[in-house]
Structures are given as C-alpha cells and as structure tokens.
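> Questions regarding the structure given below will be posed in turn.
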Amino acid sequence: MIVDKANAALDSVYGADTPETLAQAYAAWAATYDNETASLGYLLPFLITAWVARHVPQGEGPLLDAGCGTGLSGPSLKALGYGDIAGLDLSDDMLRIAGSRNAYGDLKQAMLGDTLPWPDGHFRAFFSTGVFTISHAPASGLHELVRITKKGGHGIFTVRDQVFESGGFQSVFDDLTQQGKWRPVEHSPWFRCYAIAEPDALVKTFVFEVL
C-alpha cells in the first residue's frame, strides 16, 4: 500500500544520523515523495502559503523556500502572485524535481546549519516546512536564515513538537530576540502535519519579523 511505503520512507529519514545518510534517504524517496506524502494528507507545503500571504504583500520578493524538497510550495505561491522564489535543499534529486515545476528562479544545494550561499539581507522572507523536525535541520540554522533576510522581512517556519524542547528552539528564539535580530509576530497552536495519517504528529508555525 502507498501509505505503508510512505511510512517506511518517513522512518528512513527520521532515522538518519548524519547529513549524508539523510541525503541518501531523500535521494531514494525523491521519485515517489509527492504521491506518498499526499497519501498521508501532508498539509504543510500548501498551508504555509497562508502565513506567507498574511505577512508578505503580493508580488514582493525574493522569497526563500528553505528546505524546499520537491518544490510543492512554489507553484501555490506563484499562483498567489509571488514570482521571485528561490529554494534550497540538501538533496540534488529533490531539487531536480523542484526545478521541473517552473516556480523557482534559483535553486541551490545547501544544508541548513551550514553557511548559506546568499549575502546579508538578500531575501524579503524565508519560509520552511517539515525541515525543523526529527533528524533534520538544527535550531542553530535559524541564525543563517535571519542573516540572509532583510530588515523588516519575515521568517515563517514550522517546528515539530518532538524536537522543539530537545532541539533547543526556544533558546535560539530567545537569543535572536535578545540580540535584537528579530521579534515574534505570531504563532499557531500545535496542529497535525498529516490530515489522514499520523494523528499524533504535531507542528507549530512561527512567524518572526527580522530587525
């Protein structure tokens, strides 16, 4: 069954213990990722566009899809009038699929947590879904994302419940706030990642304004 394949793939990416094994897991999953995550009712790549549209005026950019995967968010944002979208991901295989969607003007292979290949204040906003989760990007990766976002811009991203405390996200939030790098704007309640499967898998969306 497609749901069983999706769950097996999720086990593989959540069980990755190095960036290299995570990249290998996504390389193996890339070709079937869209169908299999759809079978679980994966909401986040589409739902994040609601927060982007709330805080970024139509047509403003550039925007960064940080951890874009196969690029599911890009076409939705393009349909809403956002034409200047870049993406980064650790998986070349996922990026090739994202590129085929004709929604991204710039795609780069990079790992959140490392130095990112853009100058200070380059982006109007960054958004990220399903990336700050089990065995994926560290909370420390937010520092670089803030660096490449212009003052008055926004950071819009989800964090999985299972890593919020253990991954030190609140500490990073507080550090960036105390350093005057950003201020909190809003956050959602905890909600389900998947409309169909995994009812206990919860995330929260956070929105910050970069200062």
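Only the coordinates and a few stated rules stand behind these numbers; no lab work does. Owing to the predicted nature of the structure, the values given are computational and were not obtained by experimental measurement. All Cβ positions, even for glycine, are placed from backbone atoms using ideal geometry, and neighbour counts span all protein chains on display.
> Counting pairs of Cα atoms in the range 77-211, how many percent are more than 25 Å apart?
27 percent
> Please figure out what share of the DSSP beta bridges in the range 42-210 is antiparallel and state it in percent, rounded to the nearest 5.
The answer is about 45 percent antiparallel.
> Under 8 Å for C-alpha pairs, at least 6 residues apart: give me the relative contact order for the range 57-141, rounded to a whole percent.
On the way: 153 pairs, mean separation 29.3, N = 85.
RCO, the range 57-141: 34 percent.
> Below 8 Å between Cα atoms, with a sequence gap of 6+, how large is the relative contact order for the range 42-210 in percent? Write out the running numbers ahead of the final one.
On the way: 355 pairs, mean separation 35.0, N = 169.
It rounds to 21 percent for the range 42-210.
> List every residue whose amide H lies under 5 Å from the amide H of V185, counting only residues 5 or more places away in sequence or on a different chain, with H placed 1.01 Å from N in the peptide plane.
V207, F208, E209
> Hey, another quick one. Go ahead and run the numbers for FRET between R183 and R101, Cβ-Cβ distance against an R0 of 35 Å, rounding to 0.05.
The pair R183/R101 has a calculated efficiency of 0.60.
> By average Cβ neighbour count within 10 Å, what is the ranking of 58-70, 165-177, 96-108 from highest down?
58-70, 96-108, 165-177
> Turning to a different aspect of this structure: Would you mind ranking H187, H154, H136 so that the residue whose beta carbon has the fewest other beta carbons within 10 Å leads the list?
H187, H136, H154
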